[in-house]
Amino acid sequence: EQSSAAQPDMFGSSKPAEPAQAPAGQPTAAADSARPASGGDAGSFGWIGRGFGSTPAPAAGTGAAAASTPPAAAANGDPARKQSVRQPAADPSAMQMPFKTLAEAMEAGRKETQLKESNQWQEEKVEMNKKAAENEADLPFAQLDSAGAWTSRTTEAEEHAEAVRRKQALVRRDPTAKRLEKYVDGLGDRMPGGKDTAAKIKPLTPALAYCLTGMFYASKYIGMALGMLWNLWLMLPQNVMRIVYGVALCFFGGTFAMAIAASEAFFAAGWRRAYYSSLLIYDEARHVSYAIELDDYEDVDRDGIADVDQITGNELVQRKTILAMATVKKPDELQTAVANVWSAYLGVLAVLRFKFAKITAFAVAIAQSTQFVWLKLLGPPLSMVMSKKTQHWIPVIIDSAIYGLAFIFSWYLNAFISAVVSGLRGGTMASHHLLMFTNDRGWTELNVDDTMVDEAMAMLLAAAGIFFQISTMFSLPFPLNLLLFPLVLVDLFIHWQVQFG
């Protein structure tokens, strides 16, 4: 018998020597020792061996031909136990040579590895989404965002509107300004100082009532507009909404830099807990509002005049307070929801104050590094203009002016950086989802990963948005300043909270 010692080939596979022939049906020891320890292609480069030297075993014949086939060669037909034994030359037409060069084989191996990694990433993504859904289900008040909950809200709103219409036909009410004036009188009696404070507020009651009337109707119509926008958000495809958001980032990213940073910080800080909690607060406020509005048309004595118009302001405030407390059935859950929303709000403020601190630190560094130069340049001219009695103010005036100008420069520089970043991000988002939208509609058949059309559109949108913001000095021209006035108020409020809140 010949030696069965295995010799490594050029690809790292163990290639045993040819085993000695044995009578049919009796495998030799050399053939047994030639079997690899495990199935599959040997070594980490087995895919190269499949492409170059490995050929399938010839099909086993019948009779003597099948009996003379070595067991090691017959084992090639078993996919769970492939052999690396070199077989006798077969028909060239039956040989499989999928790769002509080593580069082709390496490219095939690379693609196979990428496919395996992609499949593994998809499985990991599915598992992560599953875990996220499980964690989301465990969040408090998550059931308030279900489809049934939103349907219930719509039904309750319709039923409430119908009940109010029925009561309005039977009861006469005082004008809105007069009712709010009664509220002001009732609240004045309960403020610190009692009747003295109420007497001081009494002359201002009509003006306060008109201000409250304006705020009442403004909040009413703003709420209606927000509701319409929310319904539009739910109706339109998600790709369309992302296109709108991307275009808004391109053209208004530097103008509303603080508001955009606040929204991104809110979403990054685990927004779902605060969102579900805000739904509970909204539901409780909605129920209280429904109860108060129905109580406004309550007429127990059947005289055609609402009961709330026949009582004093103090009694009216007390009545509405008790009604609101009675309407809220689970105040402990309301307390938890308010705490969740407040925690998210403080987290957003912490992020924004860190950003504001960087702007302030940059301005201080500019002022301190150029303070001596400006004193040398502006000190002598100011000393010539100002009298000797006020010349000791020259360093303070120059120093204050330098710090103010440095802060303005730092703020505009930050707005410019925000405009560039938001322009690039918004352009990429809008163009990418525009291409996906046209593909979904069947208007185009472009692969987002292969084409450069979306990148070209992104650069054009970004350039247009950045130029628009710089040309307007990060302000809103007419009529955008009127259309986006609520967002301007939100941005100003965030600025005030970050700086002084």
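The values are calculated or read from the model by the stated rules, or taken from the named source; none is laboratory data. All values derive from a computational prediction rather than experimental measurement. Using ideal geometry, Cβ is built from the backbone for each residue, glycine included, and neighbour counts are taken over all protein chains shown. All accessible areas refer to the heavy atoms of the entire protein, side chains included, with ligands and DNA or RNA removed. Shrake-Rupley method; radii C 1.70, N 1.55, O 1.52, S 1.80 Å.
Every condition in (1) of a type outside the set (Ser, Thr, Tyr); (2) under 30 Å from Ala361 (Cβ atoms); (3) within 31 Å of the chain's Cα centre (by Cα); (4) open to solvent by less than 40 Å² (accessible area, probe 1.4 Å) holds for Val420 except the one numbered (4). Residues that are charged (D, E, K, R) and over 23 Å from the mean Cα position of the chain (by Cα) were ranked within region 441-450; the one that is nearest to Asn239 (Cα to Cα) is Arg441.
Looking at Leu405, is it open to solvent by 30 Å² or more (accessible area, probe 1.4 Å), in a helix (DSSP H, G or I) and in contact (Cβ under 8 Å) with a residue 60 or more places away in the chain?
When the stated conditions are applied, Leu405 does not pass them.
Pick from region 135-156 the residues that are in a helix (DSSP H, G or I), among the aliphatic types (A, V, I, L, M) and touching a helix residue (DSSP H, G or I) at 6+ places or on another chain (Cβ under 8 Å): which of them is surrounded by the most Cβ atoms within 10 Å (Cβ to Cβ)? Result: Leu144. Of the residues in region 286-308, not one is open to solvent by less than 70 Å² (accessible area, probe 1.4 Å), under 30 Å from Ala142 (Cα atoms), touching a residue at least 24 places away in the same chain (Cβ under 8 Å) and polar (S, T, N, Q). Check off (1) under 40 Å from the mean Cα position of the chain (by Cα); (2) over 20 Å from Ala291 (Cβ atoms); (3) modelled with pLDDT under 90 for Lys330 and give me the number that stays unchecked. Condition not satisfied by Lys330: (2). Taking the criterion of being touching a Gly at 6+ places or on another chain (Cβ under 8 Å) and closer than 24 Å to Lys220 by Cβ, the residues of region 287-320 that qualify are Gly313, Leu316, Val317. Residue-level check: of (1) modelled with pLDDT of 70 or more; (2) in a helix (DSSP H, G or I); (3) surrounded by 12 or more Cβ atoms within 10 Å (Cβ to Cβ), Asp189 misses just (1).
Screening Lys178, Lys220 for residues that are assigned to a helix (DSSP H, G or I), exposed (fewer than 11 other Cβ atoms within 10 Å of the Cβ) and at pLDDT 75 or above leaves exactly one candidate, Lys220. When the residues of region 158-175 are filtered to those that are of a type in the set (A, V, I, L, M, F, W, C) and without any contact (Cβ under 8 Å) to a residue 24 or more places away in the chain, the one that is surrounded by the fewest Cβ atoms within 10 Å (Cβ to Cβ) is Ala169. Taking the criterion of being surrounded by 11 or more Cβ atoms within 10 Å (Cβ to Cβ) and not in a helix (DSSP H, G or I), the residues of region 446-494 that qualify are Leu446, Val448, Thr451, Thr472, Phe474, Leu476, Leu484.
Selection of region 315-333 for residues being in contact with a helix residue (DSSP H, G or I) (Cβ under 6 Å, 6 or more places away or on another chain) and either among the β-branched types (Val, Ile, Thr) or open to solvent by 60 Å² or more (accessible area, probe 1.4 Å) (or both) yields Val317, Thr327, Val328.
Tell me whether region 371-394 contains one or more residues that are under 30 Å from Ile260 (Cα atoms) and not hydrophobic (A, V, I, L, M, F, W, C). No, region 371-394 has no match at all. Within region 272-303, being part of a helix (DSSP H, G or I) and hydrophobic (A, V, I, L, M, F, W, C) holds for Ala274, Leu279, Leu280, Ile281, Ala285, Val288, Ala291, Ile292, Leu294. For region 437-463, how many residues meet the condition of being among the acidic types (Asp, Glu) and within 21 Å of Leu249 (Cβ to Cβ)? Of the residues in region 437-463, 2 are among the acidic types (Asp, Glu) and within 21 Å of Leu249 (Cβ to Cβ).
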